[in-house]
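Asks: Just dropping this structure here.
Values in this text are rule-based calculations from the coordinates and carry no lab data. All figures in this text were calculated on a predicted structure; none of them were measured in a lab. Cβ: placed from backbone, ideal geometry, glycine included. Neighbour counts: every protein chain shown.
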Amino acid sequence: MPVPLRYPVLEPDLGPLEERYVTEAIRSGWVSSIGPFVERFEAQFAERCGVAHCIGVANGTVALHLALVARGIGPGDEVIVPDLTFAATAAAVVHAGATPVLVDAARDEWNLDVDLLERARSPRTKAIIPVHLYGCPVDVLRVREILGPDVFVLEDAAEAHGARVRGTTVGGIGDAACFSFYGNKLVTMGEGGCITTNDTAFAQRARFLKDHAMSPVRRYFHTDAGFNYRLTNLQAALGCAQLERLEETLERRATLLGWYREELSDTSITLNPSPPDTDPVCWVVAALLPPGTDGDERDRVASALRARGIDSRPFFVPMHALPPYAGCRLVTRDSGMSVAEELGGRGLGLPTSARLSRSDVAEICAALRAVV
Ligand SMILES: *Cc1c(COP(=O)(O)O)cnc(C)c1O
């Protein structure tokens, strides 16, 4: 008999405001991709990121794909991505017809190691997708300085709504950024995503391609093979409510992370990084088990927690260890075990639900100490 899970890792936090807006959308009859909530969400999200344009799309993965295609990236081009990320980042590059180049993680930050970018670039480098992993922002301005103005900097901010680097909110630092509004993200629409940017020509191109690339003056005349990557009014209704509650969500998660830090302060388990000059957000409480822990040992810890009704998630498997990306060029500092491999094997996402109390966190941490 499986033990019932008392503590899931993440769950959507939906309340009366979400119910009200979704009901409003249903009653208005605008449930497809035209409707006031889509426009409202796009305007409010752009403002939050401090940019001129937000293009709502069906999910975060197609946001990445659309951004690359709208920028004209395709066969023969290289796109630098972190080795340690959710696979959608690298998959979007492959779907655009381009080649991912994998960069190892920085040990103290978990994000891609910016010091390796000189070595990762080549004459074919057209773009980079820095991922703000687990809510910890990459110093995108440093990335820009190193790679220069010709390389398209596309932030993958799917896990970092509201995080800041030197006071600037993610989503407004690179040439463009992609967000996800999947069920477990900091803002959810069930499924959903968007692109943010200040580049008007790029924004127009992305808007055009996401909606079948149909000529605005001649119906059913398509100048490109377009996509249907549209966001619905129903999704956006949920998103508008979630966006109004984002501050509350971020505060709640910061509080939770603070409790975990207190409970685990006398162990050799380390939690979410917080590099200087950044204001990370907590997407998930991410724990690195003691140095020397490998993937098998971490999985044993996860099963032992599960037997006590506590769910957890392993860190992402590094891209170079996955069949579609095994042949990609991988840039690391030296030839030993890569940092991404080590972090990938040691890391465990812990319960981060809004409804957890101080004593729930104490119980989860006691269990973790007991099984590590
Ligand atoms: C969730 C996520 C995505 C993909 O978003 P979907 O909305 O699930 O398609 C992309 N990149 C990262 C880093 C993510 O965490």
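Asks: Go through segment 156-232 and name the trypsin sites (Lys or Arg not before Pro) that are in a DSSP coil and have 10 or fewer other Cβ atoms within 10 Å of their Cβ.
Replies: ARG218, ARG219
Asks: Go through 187-197, 28-38 and give me the packing order, highest mean Cβ count within 10 Å leading.
Replies: Most protected by this proxy first, the peptides run 187-197, 28-38.
Asks: Give me the one-decimal nm value for the distance between modelled label points at ILE146 and MET214, 7 Å along each residue's Cα-to-Cβ direction.
Replies: 4.4 nm
Asks: Let me ask another. Counting only DSSP beta bridges with both residues in the chain, what percent are antiparallel, rounded to the nearest 5?
Replies: So the antiparallel bridges amount to about 60 percent of the total.
Asks: Give a residue-ordered list of calculated ³J(HN,Hα) values for segment 293-307 (Karplus: 6.51 cos²θ - 1.76 cosθ + 1.60, θ = phi - 60°; whole Hz; x for Gly, Pro).
Replies: 5, 10, x, 5, 5, 4, 5, 5, 4, 4, 5, 5, 5, 4, 5
Asks: With each pseudo-label sitting 7 Å past Cα toward Cβ, what's the SER357-ASP108 distance in nm, one decimal?
Replies: Modelled inter-label distance: 3.9 nm.
Asks: Further, regarding this structure: So how far, in whole Å, is the C-alpha centre of segment 1-34 from the one of segment 319-372?
Replies: Comparing the Cα centres of segment 1-34 and segment 319-372, I get a distance of 28 Å.
Asks: With a point put 7 Å past each Cα toward its Cβ, work out how far ARG300 is from THR267 in nm, to one decimal.
Replies: Here the answer is 1.6 nm between the modelled labels.
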